[in-house]
2 protein chains.
Amino acid sequence: MDHRAQAIGVFDSGVGGLTVLRALRDELPHEQFVYLGDTARLPYGTKSAESVVRYALQAAAALIVRRVKALIVACNTASAVALPALRARHADLPVIGVVDPGADAAVAATRSGCIAVIGTEATVRGGAYQRAIAQRRPDAEVRALACQLFVALAEEGWTSGAVAEATAQRYLGPLLLPHWAAGAADTLVLGCTHFPVLRAVIREVVGERVTIVDSAVTTARAAHALLRERQLLRAPAMSPGATALAAMSFLATDNSERFAAIGARFLGSAIGAHQVALIDL
Amino acid sequence: MDHRAQAIGVFDSGVGGLTVLRALRDELPHEQFVYLGDTARLPYGTKSAESVVRYALQAAAALIVRRVKALIVACNTASAVALPALRARHADLPVIGVVDPGADAAVAATRSGCIAVIGTEATVRGGAYQRAIAQRRPDAEVRALACQLFVALAEEGWTSGAVAEATAQRYLGPLLLPHWAAGAADTLVLGCTHFPVLRAVIREVVGERVTIVDSAVTTARAAHALLRERQLLRAPAMSPGATALAAMSFLATDNSERFAAIGARFLGSAIGAHQVALIDL
């Protein structure tokens, strides 16, 4: 059979990965997508590495039985800790995480070599961004900070206003102070898929001098490149020719109403609760 | 055997219920406690009712095999949706939730009959506080508001400062405006076990005129009364005579380090990670 016609599987702990799906749709308009949000067990960001690896393998299996041709791990926590296990289990499948593309973009952007990374507790504790950046530029100075409240702000939809501003100031003010060995940070990696919706308020605090790396966009480009290399890109003629939303299907492990309501904020377009199928992992 | 010597089981989705355990220790200093935090599946507050009932039954079973003489459901979400199922499954065991004691205290405190309740999304959506208050005072006007960001603030330890103040103002300012049919709210129920650690900043916003009902304290009193009635109170002579912490043991379903670190804030005393046993549910 022609693998090119198959859908791309995208998986996240919840709705945050919909920012990655949005970037994938923009980058790959002819593709179809199956998005799985493990809403019954979110957030991964405060779970142990062992649990996250187990959850990621279960989510991948659920997408693979739905015949996906590639797997995008749109969750920083899972990308940070579960990618080796996923690739070992599914050696035949292209598996793309968000950490490597984010590290590539950060190293390309920085001039001073001082890179700040913000993410969940698990992503920061796991050190995957720190390692990925050090591999690419060993002399880089990387500081990572867990910003759990950004997750809650994004889910609440409080992406501007006094609370968002005070939160951004409290997290990022000290992080970006010019006390770095090599000068000052000139690059900030949004190492959590929830954070792009807070981009404007983050920009206000960090100023124009700092490049903000959104790994959703860089991951979509990496996925495009890998699918082309493996000759797995869907031809435009295979396109269903329907609306963008018709090319996406959604799976959640709990609370499809909340998935649809909150998810729309991250996807940038409405999702009907009836479009979200509940599955058990 | 003498059931009085058995421990009291306390269960929550995570560490928030430690505010209830703290109140229980103060109220019942001769008792022993086994606390179970279902940290692998927290938060319950954004999960569906079906999932929360299933989790609560599993947690209760884990405590019952550890021979507890009573079960305190120290989680508002689980109290709101899972109490009937728990009592049906374990008819012989005293089961106490936090909602009924909170409703009792609110009805005792209010003069205007206007009661505001704040909690998680699931607690508010489930309407258990609203129903419990209406049963006790049918003419009461109850308004409930989900305050998810308070949970994140409590876990981050940001219990004072600009972010906590702006968040409390944004949630509680509109809620407590004098647009209530019967005048103005004079009672605020902290319908989530995370919220007592934010009491000072909540007090600043609501002013001295509003009575704050902390269901941890009222639940501890209700537990005391029920145990006395069932003749299940441990006699002082049975007391281990050791430190308060020795009379408590802790179980978690994931990430015992985080349980110990964050939990200390809610319990009000240090917890060693080695004191927290990991179990599977």
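Simple point charges give the picture: +1 on the Cβ of Lys and Arg, -1 on the Cβ of Asp and Glu, and for chain A a dipole about the Cα centre of about 480 debye.
In this assembly of identical copies, the label point of residue A:136 (Cα plus 7 Å along Cα-to-Cβ) is separated from its counterparts by 5.8 nm, sorted shortest first. For residue A:157, inter-copy separations between label points set 7 Å beyond Cα along the Cβ vector come to 3.3 nm, shortest first. Dividing the C-alpha radius of gyration of segment A:1-60 by 2.2 N^0.38 Å, with N its residue count, gives 1.27. The trypsin sites (Lys or Arg not before Pro) of segment B:53-92 that DSSP puts in a loop, and whose beta carbon has at most 16 other beta carbons within 10 Å, are B:66, B:67. With each run of n ≥ 4 DSSP H residues scored as -39500 (n - 2.57), what mean residue ellipticity at 222 nm is computed for chain A after dividing by its residue count and rounding to the nearest 500 deg cm²/dmol? Here the helix-only value at 222 nm equals -13500 deg cm²/dmol. Computed from phi, the 3J(HN,Hα) profile of segment A:90-98 under the Karplus parametrisation 6.51, -1.76, 1.60 (θ = phi - 60°) reads 10, 5, 7, 9, x, 10, 10, x, 9 Hz, with x in place of Gly and Pro. Report for the protein assembly as shown the percent antiparallel among DSSP-assigned beta bridges with both residues inside it, nearest 5. Once the DSSP bridges in the protein assembly as shown are tallied, antiparallel ones form about 5 percent. Between copies, the label points at residue A:2 (set 7 angstrom from Cα along Cα-to-Cβ) are spaced 8.1 nm, reported in nanometres from shortest to longest. Stretching residue B:230 away from residue B:66 to a fully extended chain increases their span by 57.0 nm, per 0.36 nm per residue minus the current alpha-carbon distance. This model, with +1 at the C-beta of Lys and Arg and -1 at the C-beta of Asp and Glu, gives segment A:100-215 a dipole about its Cα centre of some 280 debye. Where chain A is carried onto chain B by rotation, the Cβ closest to that axis, with its residue and distance in Å, is A:152, 2. Magnitude of the charge dipole for segment B:12-155, about its Cα centre and with charges confined to Cβ atoms of Lys, Arg (+1) and Asp, Glu (-1), is about 240 debye.
Shown in residue order for segment B:140-157 are the 3J(HN,Hα) couplings computed by the Karplus curve 6.51 cos²θ - 1.76 cosθ + 1.60 at θ = phi - 60°: 5, 9, 10, 10, 10, 9, 6, 10, 4, 5, 4, 4, 5, 4, 5, 5, 6, x Hz (x for Gly and Pro). For the protein assembly as shown, the Cα gyration tensor yields ellipsoid semi-axes of 43, 26, 24 Å (square root of five times each eigenvalue, largest first, whole Å). Of the trypsin sites (Lys or Arg not before Pro) found in segment A:144-253, the ones in coil according to DSSP and having at most 15 other Cβ atoms within 10 Å of their Cβ are A:209, A:230. Once both axes come from the Cα atoms, what is the angle between helix A:18-27 and the longest principal axis of chain A, in degrees from 0 to 90, rounded to 10? Relative to chain A, helix A:18-27 is tipped by roughly 70 degrees.
Whole angstrom only: what separates the Cα centroid of segment B:104-170 from the Cα centroid of segment B:245-280? Result: 27 Å between the Cα centres.
Rounded to the nearest 10 degrees, the angle from helix A:76-89 to the longest Cα principal axis of chain A is 50 degrees. Restricting the calculation to alpha carbons of segment A:70-183 gives Rg and Dmax of 15.7, 49 angstrom.
Output wanted: per-residue J couplings in Hz (rounded whole) for segment A:248-260, from phi through Karplus 6.51 cos²θ - 1.76 cosθ + 1.60, θ = phi - 60°, x for Gly and Pro. Using θ = phi - 60°, the values come out as 10, 10, 10, 10, 9, 9, 6, 6, 5, 4, 5, 4, 5 Hz. Within segment B:1-131, the ratio Rg/Rh, alpha carbon atoms throughout and Rh by Kirkwood, equals 0.97.
Amide H contacts of residue B:250: B:35, B:277, each under 5 Å away and 5 or more positions distant or on a separate chain (H built 1.01 Å from N in the peptide plane; Pro and chain starts excluded). Between A:94, A:107, A:149, whose Cα lies farthest towards the positive end of the dipole of segment A:92-171 when Lys and Arg beta carbons carry +1 and Asp and Glu beta carbons carry -1, centred on the Cα centre? Of A:94, A:107, A:149, it is A:107. Annotation: amide H-H contacts under 5 Å for residue A:13 (H modelled 1.01 Å from N, sequence separation of 5 or more, or interchain): A:38.
Helix A:162-176 and the long axis of chain A differ in direction by around 70°, with both axes built from C-alpha atoms.
For residue A:144, the residues whose modelled amide H falls within less than 5 Å of its own, excluding neighbours fewer than 5 places apart on the same chain, are A:117. The average projected area of chain A, computed from the convex hull of its Cα atoms over all directions, is 14.1 nm².
Read-outs: derived from the displayed coordinates by stated rules, not from any lab. Just so it is clear, the model here is predicted, and its values are computed rather than measured. Quick reminder, even Gly has a Cβ in these numbers, built from the backbone with ideal geometry, and neighbours come from all protein chains shown.
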